[in-house]
């Protein structure tokens with residue numbers, strides 16, 4: 001997959017099927033948009049292009065995680081377009097004329113029914129349809145995905161993430177919430193004094209669930225390992241950075257330097273400070289049993 005972060009000029013394409021949005025978490029609604037351009041690619045040979053408008057706020061997916069997911073789905077091009085002043089002040093009709101038709105040569109534009117773009121958010125699906133007749137591109141407007149009586153949205157997912165409700169987040173995303181990174185060296189205390197662990201340090205741009213212990217599955221190039229994961233600062237030990245530390249149940253390999261994706265399935269307990277290392281170890285043993293019971297019960 002080709003990845004382009006827009007810094008001024010847009011790339012030039014021919015016959016592209018473009019979907020536009022923030023694509024923060026790539027939830028079930030986003031997947032409907034993406035599947036539509038993938039279907040167009042299969043049927044008409046169009047280039048499947050995702051244009052993601054990005055800002056400086058914390059996001060459910062990092063840029064690297066978004067790229068990883070979209071490449072796995074089969075997207076041809078990811079365009080990340082920062083919401084800078086130039087983009088915010090571009091009139092909607094100018095965006096259609098210059099970018100969608102001019103640079104991307106869109107033959108199909110796919111958006112959600114509540115998508116807005118351009119200066120003062122005056123661009124609407126109806127405007128895209130009207131200009132589609134003039135510029136000979138198809139406009140596909142996708143209805144909102146619903147979860148009960150509520151629309152599936154990044155806002156909804158952020159609310160549930162703040163609560164640590166990982167089961168609901170899995171329902172909304174269509175897959176578990178995850179964090180991806182490279183296994184780093186910790187202090188070595190897990191191997192020396194507690195239980196062997198792997199460590200990832202998520203970037204500050206990554207929106208994380210509440211500090212605490214979770215049931216997780218860690219994915220490596222050569223296999224998947226269930227475990228429990230602590231998100232936080234490990235107050236008993238006294239770390240100064242937020243880390244993702246995982247105890248893998250059935251793995252004694254040296255994984256330092258390997259790429260890893262950690263899927264979160266269930267919140268076990270909040271992070272807490274213990275009076276002693278012995279009290280911490282006793283709690284970790286209980287957490288491990290809770291995690292193993294989760295997998296034995298068939299919850300995953």
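Restricting attention to segment 10-37, and to residues there that are in a helix (DSSP H, G or I) and in contact with a helix residue (DSSP H, G or I) (Cβ under 7 Å, 6 or more places away or on another chain), which single residue is surrounded by the most Cβ atoms within 10 Å (Cβ to Cβ)?
34
Of the numbered conditions (1) closer than 26 Å to residue 152 by Cβ; (2) modelled with pLDDT of 95 or more; (3) buried (at least 18 other Cβ atoms within 10 Å of the Cβ), residue 118 satisfies every one except a single condition; which is it?
(2)
Under 8 Å by Cβ, and 6 or more places apart or on different chains, what pairs join a residue from segment 39-59 that is at negative phi and in contact (Cβ under 8 Å) with a residue 60 or more places away in the chain with one that is in a helix (DSSP H, G or I) and buried (at least 18 other Cβ atoms within 10 Å of the Cβ)?
Note: pairs meeting the criteria are 46/37; 46/40.
I need every pair where a residue in segment 80-94 that is free of Cβ contacts under 8 Å to residues at least 40 places away in the same chain has its Cβ under 6 Å from the Cβ of a residue that is in a loop (DSSP other than H, G, I, E, B) and surrounded by fewer than 14 Cβ atoms within 10 Å (Cβ to Cβ), sequence separation at least 6 or different chains.
Filtered contacts from segment 80-94: 83/55; 92/122.
What pairs come out if I take residues in segment 1-12 that are touching a residue at least 24 places away in the same chain (Cβ under 8 Å) and at negative phi and pair them with residues that are loosely packed, with under 14 Cβ neighbours inside 10 Å and assigned to a loop (DSSP other than H, G, I, E, B) whose C-beta lies under 7 Å away, six or more apart or interchain?
4/11
Only one of 271, 258, 245 is out of contact with any helix residue (DSSP H, G or I) (no Cβ under 9 Å at 6 or more places or on another chain) and within 15 Å of residue 200 (Cα to Cα); which?
258
To keep it simple, each residue is scored yes or no on (1) in contact with a strand residue (DSSP E or B) (Cβ under 9 Å, 6 or more places away or on another chain); (2) crowded, with 18+ Cβ neighbours inside 10 Å; (3) within 18 Å of residue 230 (Cβ to Cβ); (4) at pLDDT 95 or above.
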site	(1), (2), (3), (4)
107	yes, yes, no, yes
124	yes, yes, no, yes
129	yes, no, no, yes
137	yes, yes, no, yes
143	yes, no, no, yes
153	no, yes, no, yes
196	yes, no, yes, no
206	yes, yes, yes, yes
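Determine whether segment 79-91 contains at least one residue that is within 22 Å of residue 40 (Cα to Cα), within 25 Å of the chain's Cα centre (by Cα) and either at pLDDT 95 or above or crowded, with 19+ Cβ neighbours inside 10 Å (or both).
For segment 79-91, residues within 22 Å of residue 40 (Cα to Cα), within 25 Å of the chain's Cα centre (by Cα) and either at pLDDT 95 or above or crowded, with 19+ Cβ neighbours inside 10 Å (or both): present.
Give segment 43-52 a look and list any residue that's touching a strand residue (DSSP E or B) at 6+ places or on another chain (Cβ under 9 Å) and either closer than 20 Å to residue 144 by Cβ or not in a loop (DSSP other than H, G, I, E, B) (or both), or say none.
If the condition is that a residue be touching a strand residue (DSSP E or B) at 6+ places or on another chain (Cβ under 9 Å) and either closer than 20 Å to residue 144 by Cβ or not in a loop (DSSP other than H, G, I, E, B) (or both), then 44, 47, 48, 49, 50, 51, 52 are the ones that fit.
Looking at segment 26-49, can you tell me whether even one residue there is under 11 Å from the mean Cα position of the chain (by Cα) and closer than 13 Å to residue 207 by Cβ?
no
The values are calculated or read from the model by the stated rules, or taken from the named source; none is laboratory data. Just so you know, these numbers come straight off a predicted model, no measurement behind them. FYI the Cβ positions are ideal-geometry reconstructions off the backbone, even for glycines, and counts take in every protein chain you see.
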